[in-house]
Structures are given as C-alpha cells and as structure tokens.
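J.: Got a structure for you, written out below as structure tokens; questions coming shortly.
The values are calculated or read from the model by the stated rules, or taken from the named source; none is laboratory data. Quick caveat, the model's predicted, so the values are computed rather than measured. Virtual Cβ from ideal backbone geometry, glycine too; neighbours counted across all protein chains shown.
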Amino acid sequence: MSTVRFEFAGDVTGPELEDLVAVAEAAAEGLVGAAALAIESPAAVDPAARSVEIDAGSEAGRCLARVLASLAERTIGRGIFRVLRIEANTDRRPEQVKAT
C-alpha cells in the first residue's frame with residue numbers, strides 16, 4: 001500500500017483545506033464513480049495539522065491524489081503545499097514528490 005501525504009503551509013485554514021478536499025472528491029467521483037470513493041474511502045483530512053493522507057493503493061485513491069494536487073496548485077499555489085509519498089512496510093523515510 002502506498003500513501004500520499006499533502007502538507008499545507010500555515011496560511012491554509014482547516015475549513016479551506018476541507019473545502020479543497022470536498023471539491024477534489026467531487027471531481028474524482030466524476031472520474032471513478034461515487035461508489036469507488038465511498039467503498040475505498042481513500043482520504044483522511046487533519047485540519048489541525050493542515051494535512052491530508054490519501055491511500056493511493058487503488059485507482060480511486062490515485063485519482064483523488066492527482067485531482068487534489070492539481071486543484072491545490074491552481075487555487076492556493078505550488079509553494080504553499082508539499083506532497084510526500086509514504087510506502088508501507090519499509091524503513092524508508094517519506095520522500096517529497098515534486099509537482100510537474
């Protein structure tokens with residue numbers, strides 16, 4: 001299983017983050033279907049920590065991660081968040097993923 005963690009700068013409030021994720025989920029539903037997102041429930045939002053973790057081990061999770069990255073880049077800016085890929089069952093530290 002692979003997890004993608006989005007970390008947002010202090011300028012982003014908890015409600016803004018929750019709204020951004022809600023829009024990303026709505027867009028992802030259009031691509032993979034509401035049932036896939038509901039069954040796989042790939043996102044965990046932590047407004048206090050300004051972070052989102054997405055289980056990218058499924059098509060729905062990967063789609064949601066891509067949509068969220070694109071929306072975040074376009075709405076709040078590339079320098080305001082970072083994306084980390086965390087591989088399960090490894091001793092590796094999370095690696096930062098650069099948006100292209």
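J.: Of the conditions (1) surrounded by 15 or more Cβ atoms within 10 Å (Cβ to Cβ); (2) modelled with pLDDT of 90 or more, residue 42 clears all except one; give me its number.
T.: (2)
J.: Scan the stretch 60-72 and tell me whether some residue there is modelled with pLDDT of 95 or more and surrounded by fewer than 16 Cβ atoms within 10 Å (Cβ to Cβ).
T.: Checked against the condition, which is being modelled with pLDDT of 95 or more and surrounded by fewer than 16 Cβ atoms within 10 Å (Cβ to Cβ), the stretch 60-72 yields at least one hit.
J.: Residues in the stretch 74-89 that are surrounded by 15 or more Cβ atoms within 10 Å (Cβ to Cβ) and among the acidic types (Asp, Glu): how many?
T.: Of the residues in that region, 0 qualify.
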